[in-house]
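Notes follow the structure.
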Amino acid sequence: QVQLVESGGGLVQPGDALRLSCAASGGVFSINAWGWYRQVPGKQRELVAGITSGGDTNYADSVKGRFTISRDNAKNTVYLQMNSLKPEDTAVYYCHADASVYYGLGSTRYDYWGQGTQVTVSS
């Protein structure tokens, strides 16, 4: 089974920066696409940023120009660089992987989620 382990959350002040990381491990797999989502209590989880295997990216309007998603295929890791953080960015951030897991001559596609990391932006 593929496991995703996130790191990098914390408490910062408005205007500060943070970088989240999410590393995948376990079995023989390839990551087709990564995503970062966030969720606040009482609201649905929302997509913040995504990146495909080809490097195409997309962002929520609320983070465009401030957040950057990137991936290191050799390390099976995705990053979310968050600059100019605002109080409304406060949430639990989850990474998501659309992965192909290889079994012998075949493969199966699965969705995986990280455990979540808290980001709090407050003065």
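Observations on the model:
- A probe of 1.4 angstrom, applied to the heavy atoms of all protein chains, finds residue 59 with accessible area near 60 square angstrom.
- Karplus-based coupling profile of the stretch 86-95, in residue order and whole Hz: 10, x, 6, 7, 4, 4, 8, 9, 10, 9, with θ = phi - 60° in 6.51 cos²θ - 1.76 cosθ + 1.60 and x standing for Gly or Pro.
- All aspartates and glutamates inside 18 Å of residue 64 as judged from Cα atoms, apart from same-chain residues fewer than 8 positions distant: 16, 46, 56, 88, 89
- Heavy atoms of residue 47 accessible to a 1.4 Å probe, total area in Å² rounded to 10: 70
- Taken along the Cα-to-beta-carbon direction at a fixed 7 Å, the label points for residue 60 and residue 7 span 2.5 nm.
- Annotation: amide H-H contacts under 5 Å for residue 10 (H modelled 1.01 Å from N, sequence separation of 5 or more, or interchain): 119, 120.
The values are calculated or read from the model by the stated rules, or taken from the named source; none is laboratory data. All values derive from a computational prediction rather than experimental measurement. Positions of Cβ are backbone-derived with ideal geometry, glycine not excepted, and every protein chain shown enters the neighbour counts. We work out accessible area using only protein heavy atoms, side chains counted, and drop any ligands, DNA or RNA first. Shrake-Rupley method; radii C 1.70, N 1.55, O 1.52, S 1.80 Å.
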